[in-house]
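The values are calculated or read from the model by the stated rules, or taken from the named source; none is laboratory data. A quick note: this is a predicted structure, and the numbers were derived from the prediction, not measured. Cβ sites come from the backbone with ideal geometry, for glycine too, and all protein chains shown count toward neighbours.
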Amino acid sequence: MTTAGFITLLVLLTIGAIVFIEIAGLPGREARKRNHPSADAINLLGWLGLPLGVFGWLVAMVWAHMDPIPIKVIQVQPSESVSDETDGNAGDE
C-alpha cells in the first residue's frame, strides 16, 4: 500500500468513527436536552442498539422523544376500625 493510500484509509476510518460516535450518542443527547427521566437508559440503548442492529437505536430515538406519563402516587393510611376488627377476629377460630 502506498503512503497516499494509507493516509486516505486513515482519514476515512477517522471520519467513519466520528460519524458512528455522533449517531450512536444522538438518542442520549436528545433525552438529556428534553430532561427525560430515563436519559441514562436511553443513552445506553442508543450505544448498544447501533452496533447490535439498528432496531435498538430506533427504539432509543423514539423513547427519547416521548413525553413521560406522570404517575401520581397516593398513600392510603389504614383506618383504626379495620385494624380493630382484624385483631378481634384472630382469637375466634
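Annotation note: Cβ proximity below 6 Å between a residue of region 17-41 that is closer than 15 Å to Pro51 by Cβ and a residue that is of a type in the set (A, V, I, L, M) and crowded, with 17+ Cβ neighbours inside 10 Å (sequence gap 6+ or interchain) occurs for Ala24/Leu50; Pro27/Ile42; Pro27/Ala60; Pro27/Met61; Pro27/Ala64; Gly28/Ile42. Determine whether Pro68 is surrounded by 10 or more Cβ atoms within 10 Å (Cβ to Cβ) and at pLDDT below 95. Yes: the conditions hold for Pro68. Of everything in region 30-58 that is more than 11 Å from the chain's Cα centre (by Cα) and basic (Lys, Arg), the residue that is surrounded by the fewest Cβ atoms within 10 Å (Cβ to Cβ) is Lys33.
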